[in-house]
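Inspection log for the structure reproduced underneath, given as structure tokens.
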Ligand SMILES: [Zn+2]
């Protein structure tokens, strides 16, 4: 995982932090991540995005998705606890019915 993070945040060719992302979708993914060295050889017509901004946006989106999933899990847990309480009531009622039947059938 750490190695993967390094791959994401460091230029594979120059081993320094990535600063910008090339918006050209025709080139390979790993060539779209640019460090200061990569940017020296870049044409001025290339459209760029800030790597940090994209990284922060992705992180924020992931955080929001996690919150949604956590909320759904919390709601599910409450439903399960509710079902458990109802089941307990049913078991208690069943047991008292069985006891009653046993008493009547003696
Ligand atoms: Zn580079």
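Quick one: residue 58 ticks every box in (1) within 16 Å of the ligand (Cβ to nearest atom); (2) without any contact (Cβ under 8 Å) to a residue 12 or more places away in the chain bar one, so which box is it?
Only one criterion is unmet by residue 58, namely (1).
I need a count of the residues in segment 11-32 that are under 23 Å from the mean Cα position of the chain (by Cα) and modelled with pLDDT under 90.
Number of matching residues: 2.
With the structure loaded, tell me whether residue 58 is surrounded by 11 or more Cβ atoms within 10 Å (Cβ to Cβ) and assigned to a helix (DSSP H, G or I) or whether it fails that test. Give the steps one after another, and end with the answer.
On the way: surrounded by 11 or more Cβ atoms within 10 Å (Cβ to Cβ): yes; assigned to a helix (DSSP H, G or I): yes.
Yes: the conditions hold for residue 58.
List the number of the failed condition for residue 50; all other conditions in (1) within 16 Å of the ligand (Cβ to nearest atom); (2) exposed (fewer than 10 other Cβ atoms within 10 Å of the Cβ); (3) modelled with pLDDT of 90 or more hold.
In the conditions (1) within 16 Å of the ligand (Cβ to nearest atom); (2) exposed (fewer than 10 other Cβ atoms within 10 Å of the Cβ); (3) modelled with pLDDT of 90 or more, residue 50 misses (2) alone.
If I ask for residues that are exposed (fewer than 13 other Cβ atoms within 10 Å of the Cβ) and within 11 Å of the ligand (Cβ to nearest atom), which ones from segment 18-27 would you list?
none
Does residue 15 meet the test of being within 13 Å of the ligand (Cβ to nearest atom) and outside any strand (DSSP E or B)? Let's see the steps before the verdict.
Working: within 13 Å of the ligand (Cβ to nearest atom): yes; outside any strand (DSSP E or B): yes.
In short, yes.
Restricting the search to segment 28-37, which residues are more than 12 Å from residue 49 (Cβ to Cβ), within 12 Å of the ligand (Cβ to nearest atom) and not in a helix (DSSP H, G or I)?
Of segment 28-37, the ones more than 12 Å from residue 49 (Cβ to Cβ) are 28-31, 35-37.
In the following step, the residues that additionally are within 12 Å of the ligand (Cβ to nearest atom) were identified as 30-31, 35-37.
35 - this is the single residue of segment 28-37 that is more than 12 Å from residue 49 (Cβ to Cβ), within 12 Å of the ligand (Cβ to nearest atom) and not in a helix (DSSP H, G or I).
The values are calculated or read from the model by the stated rules, or taken from the named source; none is laboratory data. Owing to the predicted nature of the structure, the values given are computational and were not obtained by experimental measurement. Cβ coordinates were reconstructed from backbone atoms using ideal geometry, including for glycine residues, and neighbour counts include every protein chain displayed.
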